[in-house]
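Take a look at the structure below.
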Amino acid sequence: MMLIVKLTLAWLLGSFLFSFESWDKAKEKNKLASWQLYIDACLQFGLIMFLVYDPSFLVWALVLAFGHLAIESVQLLTLTDGKRRQNFLWGQAAHFVLILVLGLVYMRNTFAINDLHWNHLLLIVTALFALTTPASTVIKFFISRWAPETNTTGTSSLQEAGKYIGIIERLFVFAFVVSGHWEAIGFLLAAKSIFRFGDLKDGRERTLTEYVLIGTLLSFGIAILMGWGYLWIR
């Protein structure tokens, strides 16, 4: 199972941490002719080999890198303005399925876990990183269809404050699930509701209330599932 964790971490790092907006725009414009597409595949290969740290995994790493390249190529070729959300979601699902299938096939052959301390640390790092930018991106894509029109008259907000609030709350929820303090999740949800009451009490838009609620429930749900997954794998 730790092999799948390592492969997932490599994918998350390559797709989110080492992802650049200028590269994404270039790939959308030039499609398969963009050199950034192939650099991304090479980066995935390097991250996989670095994290797995096993020369015998070389061929499998190449297969994974080409698989990621193929999936992203199909995403670029099928990308349309009206289907960005669906394109992103099915693409990420395809990447994960590829990792899961290949990882299970390889482990069935002979992969052995040698360093439990390193594996445990890697598991924590993967879970925590997945709850930051990757989770924020997934939630944003999922709820963007319901985003209410913004009205900044008489209001001000910190830049990307919502993103960082979501990241912090997911990390808290993850810690509460792992430590077995489920009651603290209820307290956190209640506290967030109180702070949000000032924005929603005037009934500016019913859609805003529903938009915030969907985003909050998704954020908490992802963190809870990540906590369960961590406890199960550990």
Determine which member of the set His95, His68 is closer than 17 Å to Val5 by Cα, modelled with pLDDT of 90 or more and touching a Ser or Thr at 6+ places or on another chain (Cβ under 8 Å). His95
Just need a number here: residues in region 22-48 that are surrounded by fewer than 18 Cβ atoms within 10 Å (Cβ to Cβ) and under 21 Å from Val5 (Cβ atoms). 1
Yes or no: Leu64 under 19 Å from the mean Cα position of the chain (by Cα) and surrounded by 14 or more Cβ atoms within 10 Å (Cβ to Cβ)? yes
Check Gly82, Gly14 and return the single one that is among the small types (Gly, Ala, Ser), at negative phi and in contact with an Asp or Glu (Cβ under 8 Å, 6 or more places away or on another chain). Gly14
Would you confirm whether any residue within region 82-96 is surrounded by fewer than 16 Cβ atoms within 10 Å (Cβ to Cβ), under 28 Å from Ile233 (Cα atoms) and free of Cβ contacts under 8 Å to residues at least 40 places away in the same chain? yes
Have a look at Phe176, Phe220, Phe195, Phe172 and point out the one that is part of a helix (DSSP H, G or I), modelled with pLDDT under 85 and not aliphatic (A, V, I, L, M). Phe195
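The values are calculated or read from the model by the stated rules, or taken from the named source; none is laboratory data. On a predicted model such as this, the values are computed, not experimentally measured, just so you know. All Cβ positions, even for glycine, are placed from backbone atoms using ideal geometry, and neighbour counts span all protein chains on display.
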